[in-house]
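Novice: Can you keep this structure in mind? I'll have questions shortly.
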Amino acid sequence: MRPHEDDITAWFHQQSRIDPSLFPIGIGDDMAEVCLGDAASVLITTDMLLDGSHFDLTTATLEQVGYKAMVASLSDCAAMATVPLAAVVAVALPPGFGQSRLKQLYAGIALAAEKYDCPLIGGDITSWRQSHPFAVNVTMLSRRAANAPVRRNGAKAGDAVCVTGSLGGSLLRKHLAFEPRVREALKLAQTVTLNAMMDISDGLSTDLNRICEQSGVGAILDAASIPISDDARTLADPLAAALHDGEDFELLFTLASEQCTRLMQAWDDPTPISQIGRIAEGSGMKVRMPDGRMAELTPGGYDHLNEPE
Ligand SMILES: Nc1ncnc2c1ncn2[C@@H]1O[C@H](COP(=O)(O)OP(=O)(O)O)[C@@H](O)[C@H]1O
Ligand SMILES: Cc1ncc(C[n+]2csc(CCOP(=O)(O)OP(=O)(O)O)c2C)c(N)n1
Ligand SMILES: [Mg+2]
């Protein structure tokens, strides 16, 4: 079944009557683009992370949470092959949170800001009057690189489907300490023509479905080619983990088959790239299982609107 989140964001997209000459990219991609005149533009994304949903403060440190909040947004900048510019960070604090814990959070934010050259330029502090969980929201700006921002809607039948890094088992470790693929995305866009790209936050099955739906195509994956992470291999069903766990924060992209051949020859970055399947005409996703059997692939990743009541 289609994720409920996608139903409502598609509805938001339908409702929005924005002028494409002012906002060339609106609802539906990892970032929206705002024209500033004279061919200049800025891209923007916002993401809220909640204690209990995106991290668990009984086990994660505030420094890890600050880092994660920043790199999740940096991953959106990478998803469109854009250059991060700056971040503003808003927090909602439980009563009695205090300055010293805010400084721990800041240490994680500052670590990511420094590492990815994306300074914190503002924010907001609010506190709950009653007992409520901690929340942190990052809004981030980026700018175009030499390439146009890579969108979700450009995949074409016959394209190769590729990912960076490896997938699955993120909850064991990676989701608090990953490296957003900013450098890799810019290198990719410099080396080849990318038809579609996004980052994998909700899970390969759910996020590939977004590219397919927005591009009006289907996809066939080859399970044996999916790079399964070492952490996913410790779980009961490593392939299911790679397909559905989410928070891999790897790049998922499609490009013409000859471009893919060229990319595989030219790619010299330490982060590996794998071709995991092909874009097909029509709609829907299939996966060739390791035993050769073809199975339907339905979006089985994270859906905030499909949580138990
Ligand atoms: N509350 C909202 N109001 C308007 N647009 C929204 C809202 N929530 C999400 N969106 C938009 O819906 C699109 C799809 O969201 P999603 O797939 O979750 O993106 P991401 O994984 O990059 O956060 C994005 O363009 C996002 O900006
Ligand atoms: C305590 C806890 N439970 C569950 C998860 C797993 N998880 C939480 S949100 C999420 C999906 C990604 O988050 P979302 O807010 O949808 O990010 P976006 O797609 O908007 O970038 C996943 C896999 C987690 N990281 N921590
Ligand atoms: Mg989401």
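The values are calculated or read from the model by the stated rules, or taken from the named source; none is laboratory data. Treat the numbers as computed from the prediction; the structure is a model and nothing was measured. Because the Cβ atoms are built from the backbone with ideal geometry, glycine has one as well, and the counts that use them run over all protein chains shown. Protein only, heavy atoms only, side chains kept; ligands, DNA and RNA dropped before computing areas. Shrake-Rupley method; radii C 1.70, N 1.55, O 1.52, S 1.80 Å.
Novice: When the Karplus curve 6.51 cos²θ - 1.76 cosθ + 1.60 is applied with θ = phi - 60°, which whole-Hz ³J(HN,Hα) does each residue of region 256-271 get, with x for Gly and Pro?
Specialist: 4, 4, 6, 5, 5, 4, 5, 4, 4, 6, 7, 5, 10, 6, x, 6
Novice: By average Cβ neighbour count within 10 Å, what is the ranking of 14-24, 287-297 from highest down?
Specialist: 287-297, 14-24
Novice: Decide, for region 1-82, between rounded, prolate and oblate: order the square roots of the alpha carbon gyration tensor eigenvalues as a ≥ b ≥ c, take rounded if a/c falls under 1.5, and otherwise choose prolate if a/b is larger than b/c, else oblate.
Specialist: Judged from the Cα gyration tensor, region 1-82 comes out oblate (a/c at least 1.5, b/c at or above a/b).
Novice: Additional query: Calculate the spin-label point distance for Arg129 paired with Leu171, positioning each point 7 Å from the Cα along the beta-carbon direction, and give it in nanometres.
Specialist: 3.6
Novice: Of Leu171, Ile226, Val150, which is farthest on the positive side of the dipole of region 136-273, counting Cα position, with +1 on Lys and Arg Cβ, -1 on Asp and Glu Cβ, and the Cα centre as origin?
Specialist: Farthest towards the positive end: Val150.
Novice: Any idea what the alpha-carbon Rg over 2.2 N^0.38 Å comes to for region 160-300?
Specialist: So the Cα radius of gyration is 0.98 times the expected 2.2 N^0.38 Å.
Novice: While we're here: What is the spin-label model distance, in nm, from Asp117 to Asp237 if the labels are put 7 Å beyond Cα along the C-beta direction?
Specialist: 4.4
Novice: In nm, give the distance between the simple-model label positions of Thr261 and Gln190, each being 7 Å from the Cα along the Cα-to-Cβ direction.
Specialist: It works out to 2.5 nm between the two label points.
Novice: Once you keep just the Cα pairs under 8 angstrom separated by 6 or more residues, what percentage relative contact order results for the chain?
Specialist: Across the chain, relative contact order equals 22 percent.
Novice: Report Rg (one decimal) and Dmax (nearest whole number) for region 30-144, counting Cα atoms only, units Å.
Specialist: 14.7, 50
Novice: Taking region 50-132, which trypsin sites (Lys or Arg not before Pro) meet the DSSP loop condition and have no more than 10 other C-beta atoms within 10 Å?
Specialist: Sparse-neighbourhood loop trypsin sites (Lys or Arg not before Pro): Arg129.
Novice: Same structure, new question: So if I take the alpha carbon set of the chain, get Rg, then get Rh from the Kirkwood formula, what is the Rg over Rh ratio?
Specialist: Using only Cα positions, Rg/Rh for the chain is 0.96.
Novice: Then there's this: Mind putting a number on the dipole of region 106-203 about its Cα centre? Charges go on the C-beta only, +1 for Lys and Arg and -1 for Asp and Glu, and I need it in Debye to the nearest 20.
Specialist: Rounded to the nearest 20 debye, it is 160 debye.
Novice: In whole Hz and in residue order, list the ³J(HN,Hα) couplings for region 149-162 that follow from phi through the Karplus curve 6.51 cos²θ - 1.76 cosθ + 1.60, θ = phi - 60°; x for Gly and Pro.
Specialist: So the Karplus estimates, Gly and Pro as x, are x, 8, 9, 8, 9, x, 5, 10, 3, x, 4, 7, 9, 10 Hz.
Novice: Collect residues whose amide H, placed 1.01 Å from N in the peptide plane, falls under 5 Å from the amide H of Asp159; neighbours closer than 5 in sequence don't count.
Specialist: Counting only residues 5 or more places away or on other chains, the set is Ile279.
Novice: Here's another thing I want to ask about it. Report the FRET efficiency, 1/(1 + (r/R0)^6), for Arg143 and Asp291, where r is their Cβ-Cβ distance and R0 is 45 Å, rounded to 0.05.
Specialist: After rounding, the FRET efficiency stands at 0.45.
Novice: Under a point-charge model restricted to the Cβ atoms of Lys and Arg (+1) and Asp and Glu (-1), what is the dipole moment magnitude of the chain relative to its Cα centre, in debye to the nearest 20?
Specialist: So the dipole magnitude of the chain works out to roughly 460 debye.
Novice: For region 45-55, in order, what is each residue's ³J(HN,Hα) by Karplus, 6.51 cos²θ - 1.76 cosθ + 1.60 with θ = phi - 60°, in whole Hz (x at glycine and Pro)?
Specialist: 9, 9, 9, 9, 10, 10, 4, x, 10, 10, 6
Novice: Sticking with this structure for a sec: At 222 nm, what helix-only mean residue ellipticity would the chain give, in deg cm²/dmol to the nearest 500, using -39500 (n - 2.57) for each DSSP H run of four or more?
Specialist: Helix-only estimate at 222 nm: -9000 deg cm²/dmol.
Novice: Okay, next question. At 1.4 Å probe size, with every protein chain present, just tell me what the per residue accessible area of region 160-300 comes to in Å².
Specialist: Counting only protein heavy atoms, the per-residue value for region 160-300 is 41 Å².
Novice: Further question: How do Asp269, Asp7 stack up against each other in accessible area, from largest to smallest, with a 1.4 angstrom probe?
Specialist: Sorted by accessible area, descending: Asp7, Asp269.
Novice: Which FRET efficiency value, to the nearest 0.05, do you get for Trp11 and Ala90 by plugging their Cβ-Cβ distance into 1/(1 + (r/R0)^6) with R0 = 35 Å?
Specialist: Result of the calculation: an efficiency of 0.85.
Novice: Applying a 10 Å radius around every beta-carbon, put 37-45, 86-94 in order of their mean neighbour count, most first.
Specialist: Those peptides, ordered most packed to least, come out 86-94, 37-45.
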